[in-house]
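Structure first, commentary second.
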Amino acid sequence: MAMATDATWDTVSGAEDAGRRVGVRARVLGLTTRVVGAGLCGVVAGIHLHLWLGGYRGIPTIGWLFLADVVGTGMLGAFVLVGPSGLLPWALLSAAVAVAGTLGGLVLSLTIGLFGFEESVQAPLVVPTIVVEALSVVVLGILVRLAWRERTQLRRR
């Protein structure tokens, strides 16, 4: 019966330690991705809720779309935060597409009008909304990529 040398134990310990570091890194990245993604959805939902309560609810069609945005991005944010890990890339992608659609609707309402409604750049929160939604689409897109990469790496192990 062969005796394990100290070098063998060091190698095993090193491999286990590296595995633990990768596991901790994956958990931290996953949690950070969830919190940032959910937070961005929450900010977009919060802006639209504020505007809806401030008078946009009285605008035909647009008012209901604002409310739908509040509910939709809020639910996507909740799913990003607490949904199953295997669906995180899909949840983030859905959130990015939803926010991009919201931004697209704002751009349309500023340029050619949307459902008979034309927005003005001087309206409350238009410029901050453009900035927040554009940054959210970019950041959510990056988070989608990170989540897909992490998911792929976990499946290889």
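The values are calculated or read from the model by the stated rules, or taken from the named source; none is laboratory data. These numbers come from a predicted model, not from an experiment. Don't worry about glycine lacking a Cβ; one is built from the backbone with ideal geometry, like all the others, and counts go over all protein chains shown.
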Qualifying residue in the stretch 65-75 (condition: part of a helix (DSSP H, G or I), more than 20 Å from VAL132 (Cβ to Cβ) and at pLDDT 90 or above): no
Enumeration of residues in the stretch 106-146 that are of a type in the set (D, E, K, R) and closer than 25 Å to LEU76 by Cα: GLU133, ARG145
Candidate set: the stretch 99-157, residues that are touching a strand residue (DSSP E or B) at 6+ places or on another chain (Cβ under 8 Å) and among the small types (Gly, Ala, Ser); chosen: the one nearest to LEU81 (Cα to Cα): GLY105
Any chance THR73 is within 15 Å of the chain's Cα centre (by Cα), buried (at least 16 other Cβ atoms within 10 Å of the Cβ) and without any contact (Cβ under 8 Å) to a residue 40 or more places away in the chain: yes
Residue in the stretch 42-62 that is surrounded by fewer than 13 Cβ atoms within 10 Å (Cβ to Cβ), modelled with pLDDT of 95 or more, in a helix (DSSP H, G or I) and of a type outside the set (Lys, Arg) present: yes
Residue count, the stretch 83-97 (criterion: in contact (Cβ under 8 Å) with a residue 24 or more places away in the chain and not hydroxyl-bearing (Ser, Thr, Tyr)): 8
Residue among PRO84, PRO89 that is under 22 Å from TRP148 (Cα atoms) and touching a Phe, Trp or Tyr at 6+ places or on another chain (Cβ under 6 Å): PRO89
Failed condition for ALA123, given (1) surrounded by fewer than 16 Cβ atoms within 10 Å (Cβ to Cβ); (2) part of a helix (DSSP H, G or I): (2)
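Residue-by-condition table, conditions (1) touching a Gly at 6+ places or on another chain (Cβ under 8 Å); (2) within 18 Å of VAL99 (Cα to Cα); (3) not β-branched (Val, Ile, Thr):
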position	(1), (2), (3)
PHE115	no, no, yes
VAL121	no, no, no
VAL127	no, yes, no
ILE130	no, yes, no
